[in-house]
Each structure stands twice: as C-alpha cells, then as structure tokens.
Amino acid sequence: MEKQPHLPADDYPKTIEELESRFSTEEACRAYLWKLRWPDGFRCPRCQGARVWPTGRSNLFECGSCHHQVSITAGTIFEGSRKPLVQWFRAIWWMTNEKNGASALGLQRVLGLGSYQTAWAWLHKLRRAMVRQGRDLLDGRVEIDETYWGGPKVGKRGRGAKEKALIVIAVQENGTGIGRIRMARIPDISGPSLEGFIQATILPGTTVHTDAYRGYNGLNSLGYVHEVTNMSNSDVPAHVAMPRVHRVAALLKRWIMGTHQGGISHEHLEYYLDEFTFRFNRRTSKSRGKLFYRLLQQAVGTDAVPYSSLVGGSSRPKPQDVVDA
Ligand SMILES: [Zn+2]
C-alpha cells in the first residue's frame, strides 16, 4: 500500500474561490507541497536526517545534519519551472475540473499564458503524473479487447493496421456496469505484447474474457481464468458479447475527437490514454477538489519531465531544450 500523506482527508479546496483564496501566494503553495512530499515529516534525500532549516531562498532548505540543500520542487514535475506555483495550482485545478479534459489552447486562455508551447508542455507533464506507480490491479471479471486509432479505416486486425496505433483496453465488470479500466498502446498484436499488458494490469486468478484471437491463447498458463467468446461462430456481435470494452473504446474515441479534435499524434497517444483512464476511473467522484488533491499528490511524486523528452527526444536532455514551462 502507498503511504498517504497525513493531511486531513478533506484538506483541499472545494471551490475555485477556495482555491484562489488559499493558494494566492507562493508561500501557501509551497507549504502544501511540503506536506504532500514529506507527510511524516522532513527526511533529507541524502542522509535521511530529519532536522531542517531555511536558507535565504524561499524554495531551498538545508539539511541540519549533512547541510545538503533541498528544494521543495526538485524531483517533481515542477522542477525547473520558472512559472509561479500559484499558476501551476490553477492549471491542476482546471485540468481536474474540466469534465471532458483540457486542451492546450484552453489552458493557455484560462491562465493567460503567453505561449501555447508552455500550456502544451504543462498538460503533458500533468498527464504523466496521472499514472500512479504501483496502482492496484484489476480483479474479479475483466473484458479485454483491442482497438485502433488513426490511419485508414480497415477491419479489425486487418490490412493497413500498421499505420494505426494499437490500443488494448481492459474493463472490470461491475454487475452489468463498468468498474475500473486500464488501457495502453502496445507495439503489435502478438501474444507477448498482449500478455505483457495483462500481467501489468490484472491480478492472476482473475477471469479474463476475450474473443477467440490466438494472441490470448496463453492466458490460462499465466494463471488467469480465460473465458473465450468465439465471435465468428456466433450470431452475437462483439459489442453485445463484450459490451463494456466496446463502450469504453467508443467513449475514448469520442473524447479524442471532441476535446482534442482528433489532433493527437501517435507518439503521444499513451499520455492521452493515461488522462482518459484517470478521468474515467474517477468519473463518479463528486468532489472535484479531491481530484485536484490526488493529481497534485501524484505530481510531487513524479520525476521531473524535461521538455525534450516530451517532444520525443531520446538522448539525454540538454538545458537549452527545457522551455520556460
Ligand atoms: Zn542530509
């Protein structure tokens, strides 16, 4: 289990007015980040010392034992940003409160950011923070199927599929409804690719319901209870036999076309899948403020993401690659 900060369970803003009055200064934002980063009290990342004192600079503290200088934002998605935390907090509020998600143009307008590129980079950093490491696995009964994004329209697993992005979707059954979901872009439709996704997202022993595609043939030997519906031998169409996963695939496509006008490149698709999953799995949450809190909590536990790695740079990022984000 992840350790949760010792903040009161409801210690987050409930309305935008509360957000703006509580987090109107850098000091207030830093104090909140401090509690999220060190819920059990400060620990020096170098020597584990617990004593700490301020330096002359507001974002920097000094370890009382080894004199290591510790920045509150180092190692978080805020590292290296020259923009105020106040603005970041508003971006996170906006991203978690927009029912259908955020576009870079929308964020640029709401925050009055001078640069579209900055808004774009912020949203991608926040999407990365939406994936919680070690999150719990789906269990019970799970439907799995693949869908394609982009490229020419062709039949499933058919010709021309190479130009499309392949997305595999897992949907937990909740009675006749939908529980939690997971999805990922996978490189190909091979058994190892499908099994890798399934092992990363689904607890062994779970009943996994798929169609008769041979790529799923190894599931029993991996410890799952494999339930197969052979669509080609059946009069029942796939969207009836596996209604949940087809519903989620349709919602995903509608979201990509609606919020993002379809303008998602293949290389960044997985981050949008993470955002969709984060939103979908919290769709019944009545408290938008709690989503703000969760995303901020994950943001301080997320490694810094240099701009160059967002735009697909594979080599070690150079300082000049990091935009003013
Ligand atoms: Zn230390």
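Quick note: the coordinates plus some simple rules give every number you see, no bench work behind them. This structure is a prediction, so every number in the text was calculated from the model and none was measured. All Cβ positions, glycine included, derive from the backbone under ideal geometry; neighbour counts span all protein chains shown.
Taken about its Cα centre, region 169-249 carries a charge dipole of roughly 280 debye when the Cβ of each Lys and Arg holds +1 and the Cβ of each Asp and Glu holds -1. For region 70-145, the residue among L107, L126, I144 whose Cα projects farthest onto the positive side of the dipole built from Cβ charges is L107. Here each label is just a point 7 Å from Cα along the line to Cβ, and for A28 and S58 those points are 1.3 nm apart.
The trypsin sites (Lys or Arg not before Pro) of region 247-296 that DSSP puts in a loop, and whose beta carbon has at most 14 other beta carbons within 10 Å, are R283, K286. Projecting the Cα atoms of A212, L194, N174 onto the charge dipole of region 168-221, computed from C-beta unit charges around the Cα centre, puts N174 farthest toward the positive end. Counted residue by residue at 0.36 nm each, then reduced by the alpha carbon distance between them, the extension gain from N217 to V131 reaches 28.1 nm. Put simply, the amide H of H209, placed in the peptide plane, has neighbours under 5 Å in V142, E143, I144, E227, leaving out anything fewer than 5 places away on its chain. Extending 7 Å from Cα along the Cβ direction at K14 and again at H260 yields two label points whose distance is 3.4 nm.
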